[in-house]
1. Of the numbered conditions (1) in contact with a Leu (Cβ under 8 Å, 6 or more places away or on another chain); (2) among the aliphatic types (A, V, I, L, M); (3) within 30 Å of Lys223 (Cβ to Cβ), Leu145 fails exactly one; give the number of that condition.
2. I'd like to check which strands (runs of 3 or more DSSP E) are fully inside the range 126-207 and have at least 2 residues that are buried (at least 17 other Cβ atoms within 10 Å of the Cβ).
3. Out of the residues in the range 59-68 that are assigned to a helix (DSSP H, G or I) and without any contact (Cβ under 8 Å) to a residue 40 or more places away in the chain, which is surrounded by the most Cβ atoms within 10 Å (Cβ to Cβ)?
4. Let me confirm something: among Tyr56, Tyr29, which residue is free of Cβ contacts under 8 Å to residues at least 40 places away in the same chain and aromatic (Phe, Trp, Tyr)?
5. Regarding Phe92, is this residue among the hydrophobic types (A, V, I, L, M, F, W, C) and either under 14 Å from the mean Cα position of the chain (by Cα) or part of a helix (DSSP H, G or I) (or both)?
6. For the range 66-83, state whether one or more residues are within 30 Å of Lys225 (Cα to Cα) and at pLDDT 95 or above.
7. Please work out if Glu204 is in contact with a Pro (Cβ under 8 Å, 6 or more places away or on another chain), closer than 30 Å to Tyr125 by Cα and touching a residue at least 60 places away in the same chain (Cβ under 8 Å).
8. Tell me, yes or no, whether the range 144-160 has at least one residue that is modelled with pLDDT under 85 and among the hydroxyl-bearing types (Ser, Thr, Tyr).
Amino acid sequence: MNLYEGVAKYYDIEESEYQQEDMDFYIEYAQKCKGNILELGCGTGRVSLRLASLGYDVTALDLSKEMIQIVERKKNEQNCNLEVICGNMSDFHLNKRFSLILTPGRSFQSLSEQKDIISALSCIYQHLFQGGLFILDLFQPETFLKYQCKDDKTIFSKTVGNEKITMKYACNLIDKKNKIVHTTHTYEIEKDNNFHQTQKAYMELRYYEYKEIVTLLESVGFKIKEKYGWYDKCSLEKGHEIIIVAEK
């Protein structure tokens, strides 16, 4: 599912509203792995471009053509050595292997079909060198789900040039049987203080209990090396993410 179709140009505004606490974490593992890196679900290239700017050999992949166009533009503006690919993380064949594969920003949760989930994990495993690492970032459902509401909640309102962009978030449905959260991101755009347009992105995010995702990872051959609740490496019990470092 192409989560940000039609609204990719607002993605960086949304991202800038949050502290990028994961970056030091990914840089640390890039230093440890000392090899080439693949980011899946790269969005507009926040992580990939940063790692590439530090001299790492990075490949960035995303399903959205709009996102990829933005990454390409940034890459050229920054004169950055980055390979950019439009592709599906559930079925990719790059004819090379990596020391480190990342799925930052919960991008793996955009896969909602079981066959796509297994296919993605198999592809990731096959594209790693022996001993290579896969870092998976998911939200902890017990924390995330209790804050979901059906009414629109304003996440941010920001002025860029002559446009004022207001983003609102709503949870439409929590499908507990299939473990999928259905949400809507609404972007209201004003130009020169006049209402201009509204754009919506409808999203489905698959959530996991820790034991379930571990079983899936192990089913394709991964070994769990480390697990954390946040990027400061706190325990799962003390954080609100599920961050897994898995080894081939």
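1. Here Leu145 meets the rest and fails (1).
2. Numbers: elements: 128-139, 153-160, 163-175, 180-191, 194-206.
So the answer is 128-139, 163-175, 180-191, 194-206.
3. Ile68
4. Result: Tyr56 is the single residue among Tyr56, Tyr29 that is free of Cβ contacts under 8 Å to residues at least 40 places away in the same chain and aromatic (Phe, Trp, Tyr).
5. The answer is no for Phe92.
6. yes
7. Against the criterion (in contact with a Pro (Cβ under 8 Å, 6 or more places away or on another chain), closer than 30 Å to Tyr125 by Cα and touching a residue at least 60 places away in the same chain (Cβ under 8 Å)), Glu204 does not qualify.
8. Yes, there is a match, as at least one residue in the range 144-160 is modelled with pLDDT under 85 and among the hydroxyl-bearing types (Ser, Thr, Tyr).
The values are calculated or read from the model by the stated rules, or taken from the named source; none is laboratory data. No experiment lies behind these values; they were computed from the predicted model shown. Ideal geometry is used to build each Cβ from the backbone, glycine not excepted, and the neighbour counts take in all protein chains shown.
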